[in-house]
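Participant: Shown below is the structure under consideration.
The values are calculated or read from the model by the stated rules, or taken from the named source; none is laboratory data. Just so it is clear, the structure is predicted and the values come from calculations on it, not from any experiment. Counting neighbours? That spans all protein chains shown, and the Cβs are built from the backbone with ideal geometry, glycine included. Quick note on the areas: whole protein, heavy atoms, side chains included, nothing else; ligands and nucleic acids left out. Shrake-Rupley method; radii C 1.70, N 1.55, O 1.52, S 1.80 Å.
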Amino acid sequence: MNDAVELRPIPENEYHEYRYEVIFKAYKWDPQVGDHNTVAKHAVIISRETARKLEEYAERLSEETMQMEEALAKRPGLVKKLGLPREIRKTVSRMAGYERSRHIRLMRFDFHPTDYGWAVSEVNSDVPGGLAEASILPQLACRFFDDCEPRKHVGQSILEAFSGRMKENGTIAFVHATSYSDDRQVMEFLSDYFREHGYSTVFTAPDHIVWKDKKAYSILEGNEGPIDGIARFFPLEWLTGLPRGSDWKGYFDCETASCNHPVAILTQSKRLPLVWDELGLDIPAWKSLLPETRNPGTVRTDDSGWIFKPALGRVGEGISITEAINEKERKLIGKSVRLFPGSWVAQRRFASQPIRDINGEEFHLCIGVFAVNGKSAGFYGRVSPYPRIDSRAKDIPILVRKDDNDEDQP
């Protein structure tokens, strides 16, 4: 594994300028979390063989994930086991007519190097982040490493997917929590990219969209009118907290091309493996790459061979990896698992294999592989001093070694 993954430093005298570019060219408006700088001083270099392997894994996992979504949309009885909010479960029936060919399916699969190969820890299925970091950071960093190159640009893949689902130069609504700058930066990146290619864009909160004959319309003052596409960066379970008069349930059976359609919440749940055997599907990629997953009631909370994850946790929050949490957080997680087991899952812990820089400093690596409509779409890298990748992890560019003898093209 170490032969396939290399950690190289950004030249020290260039790092300040590089970090400045990451902030202003790569839409990284949150380069600091508390006292933690989240812009890595390194780049990760992988071989072309490793790049192809991860892309193949992601494409196989993506296809299996979409099959599970389509099955679950018609099996509300199984959805009850996923730990979703009650209001979401009550609305699932509106997704029975979901057709993937109408929509854009964006996912990110998180891979970790271990002593036995690559393991996937989860799929960020609903509103995966890291779009600008995966698209622009490699372009900024490759100038320091002549033997390396970027792989793919996820923004381009999303644009191409929309172009096949809606009219040329149509209007896309970028739906997000408008008061959060870390959400807005994702939408600004995509909006700017779409505008460069001739599309009209509008920034909206989720309740700025209403529905007429299952088609989306904007009611935002100054931007009223029909919407041709929706790019949602607003976690689906948050919709239940919108004002009572909002028409959020219309997202569930809309026919406007959406990235992502609410069907994504069905596979966002970390409890998904608990219903695998009841779906009647063949999912060999998931079963070979994801560590064993169980109902938390079958595992002791003090068993060091297992970790606990909240069903709808994001950015590593609430994961009981000992090295990353203090005693107070450990007790709170244990108490919540005992009181609300239906909102948690137990997963067998894998041994994350750290990578080392030239000074011997160790980092734990996560490579997120994006997939758009089942095709790999770019790498998003993060490193952490401990084996939990959370909000304090550093964003790091993933570059691929050039090989003149390799005819593979990204």
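Participant: Conditions: (1) of a type outside the set (Gly, Ala, Ser); (2) under 21 Å from Ser62 (Cβ atoms); (3) within 16 Å of the chain's Cα centre (by Cα); (4) in a strand (DSSP E or B). Leu365 meets all but one. Number of the miss?
Facilitator: So the condition that Leu365 fails would be (2).
Participant: Are any residues in region 148-200 closer than 22 Å to Ala26 by Cβ, open to solvent by 60 Å² or more (accessible area, probe 1.4 Å) and over 17 Å from the mean Cα position of the chain (by Cα), and if so, which ones?
Facilitator: Hits for region 148-200 are Glu160, Thr178, Tyr180, Ser181, Arg195, Glu196, His197.
Participant: Quick one: how many residues across region 134-155 are in contact with a strand residue (DSSP E or B) (Cβ under 8 Å, 6 or more places away or on another chain), farther than 25 Å from Glu237 by Cα and assigned to a helix (DSSP H, G or I)?
Facilitator: Matching residues across region 134-155 total 7.
Participant: So, of the residues in region 32-53 that are over 18 Å from Asp395 (Cβ atoms) and of a type outside the set (Ser, Thr, Tyr), which turns out to be surrounded by the fewest Cβ atoms within 10 Å (Cβ to Cβ)?
Facilitator: Selected residue: Glu49.
Participant: Take region 240-266 and flag every residue that is of a type in the set (S, T, N, Q) and under 17 Å from Ser343 (Cβ atoms).
Facilitator: Listed by number, the list holds a single entry, Thr240.
Participant: Let me ask something additional. Of everything in region 371-401, what is part of a strand (DSSP E or B) and farther than 22 Å from Pro31 by Cα? Give them in sequence order.
Facilitator: Matches in region 371-401: Ala371, Val372, Lys375, Ser376, Ala377, Val400, Arg401.
Participant: If you check Arg244, Arg294, which single one turns out to be open to solvent by 60 Å² or more (accessible area, probe 1.4 Å), over 16 Å from the mean Cα position of the chain (by Cα) and closer than 18 Å to Lys90 by Cβ?
Facilitator: Just a single option satisfies the conditions, and that option is Arg244.
Participant: I want to confirm something. Restricting to region 334-390 and keeping residues that are in contact with a Phe, Trp or Tyr (Cβ under 9 Å, 6 or more places away or on another chain) and of a type in the set (Val, Ile, Thr), which single residue is nearest to Arg165 (Cα to Cα)?
Facilitator: Filtering region 334-390 for residues that are in contact with a Phe, Trp or Tyr (Cβ under 9 Å, 6 or more places away or on another chain) and of a type in the set (Val, Ile, Thr), the one nearest to Arg165 (Cα to Cα) comes out as Val369.
Participant: Hey, another quick one. How many of the residues making up region 118-133 are part of a helix (DSSP H, G or I) and under 22 Å from Pro387 (Cβ atoms)?
Facilitator: Residues flagged as part of a helix (DSSP H, G or I) and under 22 Å from Pro387 (Cβ atoms) within region 118-133 amount to 1.
Participant: I need the helices (runs of 4 or more DSSP H) fully contained in region 1-117, keeping only those with at least 3 residues that are modelled with pLDDT of 95 or more and acidic (Asp, Glu).
Facilitator: The qualifying helices (runs of 4 or more DSSP H) are 12-25, 48-72.
Participant: Right, here's the next one. Go through region 183-214 residue by residue and tally those that are over 20 Å from Tyr251 (Cβ atoms) and among the acidic types (Asp, Glu).
Facilitator: Residues flagged as over 20 Å from Tyr251 (Cβ atoms) and among the acidic types (Asp, Glu) within region 183-214 amount to 3.
Participant: Filter region 314-333 for residues that are touching a residue at least 24 places away in the same chain (Cβ under 8 Å) and part of a helix (DSSP H, G or I); which is most open to solvent (accessible area, probe 1.4 Å)?
Facilitator: Glu323
Participant: Please determine whether any residue of region 334-347 is on the phi < 0 side of the Ramachandran plot, in contact (Cβ under 8 Å) with a residue 40 or more places away in the chain and open to solvent by 60 Å² or more (accessible area, probe 1.4 Å).
Facilitator: no
Participant: Give the residues of region 102-147 that are open to solvent by 10 Å² or more (accessible area, probe 1.4 Å), in contact with a helix residue (DSSP H, G or I) (Cβ under 8 Å, 6 or more places away or on another chain) and farther than 21 Å from Lys375 by Cα, sorted by residue number.
Facilitator: Leu140, Phe144, listed by residue number.
Participant: Going through region 283-301 one residue at a time, which ones are more than 13 Å from Leu72 (Cβ to Cβ), touching a residue at least 40 places away in the same chain (Cβ under 8 Å) and assigned to a loop (DSSP other than H, G, I, E, B)?
Facilitator: Leu290, Pro291, Glu292, Asn295, Val299
Participant: Also: Among (1) within 28 Å of Trp276 (Cα to Cα); (2) crowded, with 18+ Cβ neighbours inside 10 Å; (3) out of contact with any Ser or Thr (no Cβ under 7 Å at 6 or more places or on another chain), there is one condition Ala311 misses while meeting the rest; what is its number?
Facilitator: For Ala311, the exception is condition (3).
Participant: Could you check region 259-282 and list, in sequence order, the residues that are buried (at least 16 other Cβ atoms within 10 Å of the Cβ), more than 16 Å from the chain's Cα centre (by Cα) and part of a loop (DSSP other than H, G, I, E, B)?
Facilitator: Result: Arg271, single match.
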